[in-house]
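Reading through the structure tokens given below for one structure.
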Amino acid sequence: MALPTSPSRRHVLTILPLAATGGLLAACSSDDASSQASATSGQPHAPKPSVSFPADGTIIDVRTPEEYAQGHLEGAINIDVSSAGFDTAIDALDHGASYAVYCQSGNRSAKAAQAMTAKGFTSVLDLGGY
């Protein structure tokens with residue numbers, strides 16, 4: 001499964017730190033109580049540190065298609081870690097390419113990154129929750 005490379009992918013990499021502080025994503029369900037409390041108390045999520053990621057890397061949003069449709073990082077592809085087709089979808093990816101995964105709270109992205117690493121992916125960055 002070849003993924004298109006475009007100038008917008010480079011743009012995504014420059015806005016990753018802004019996504020954490022600017023709230024580019026719509027709120028989505030959380031897998032942990034602390035994020036639930038943060039969402040209900042109106043407290044913003046802590047900003048994410050800047051990360052280094054190759055310009056030709058692929059950003060994967062591992063939330064549900066419904067959550068993805070509500071808002072996602074520009075250029076991100078959607079592969080739902082909780083879907084039955086997750087393993088098949090990641091098996092179709094280039095295991096030697098660079099990937100960054102994110103979700104809302106960081107729980108699902110950690111699960112996805114761990115699964116990808118276990119399947120032999122060599123460059124997986126867990127961005128955590130955005």
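All of the numbers you see were taken from the coordinates with simple rules; none came from a lab. As the structure is a computational prediction, the values presented were derived from the model and not from experiment. All Cβ positions, even for glycine, are placed from backbone atoms using ideal geometry, and neighbour counts span all protein chains on display.
Structure values in brief
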{"quantity": "Amide H partners (placed H, <5 Å) of SER98, local residues excluded", "calculated": "THR58"}
{"quantity": "Calculated from backbone phi, Karplus (6.51, -1.76, 1.60) coupling profile of segment 74-88 in Hz, x at Gly/Pro", "calculated": "4, x, 6, 9, 10, 10, 5, 5, 8, 7, 5, x, 4, 4, 5"}
{"quantity": "Surrounding net charge for ASP80, when Lys and Arg each add one and Asp and Glu each subtract one, Cβ distance under 11 Å", "calculated": "-1"}
{"quantity": "Whole-Å semi-axes of the ellipsoid equivalent to segment 68-130 (Cα gyration tensor, √5λ, descending)", "calculated": "18, 13, 12"}
{"quantity": "Inter-label distance, nm, simple model (7 Å from Cα along the C-beta direction), ILE77/ALA92", "calculated": "0.8 nm"}
{"quantity": "Protection proxy ranking of 71-83, 95-107 - average other beta-carbon atoms within 10 Å, highest first", "calculated": "95-107, 71-83"}
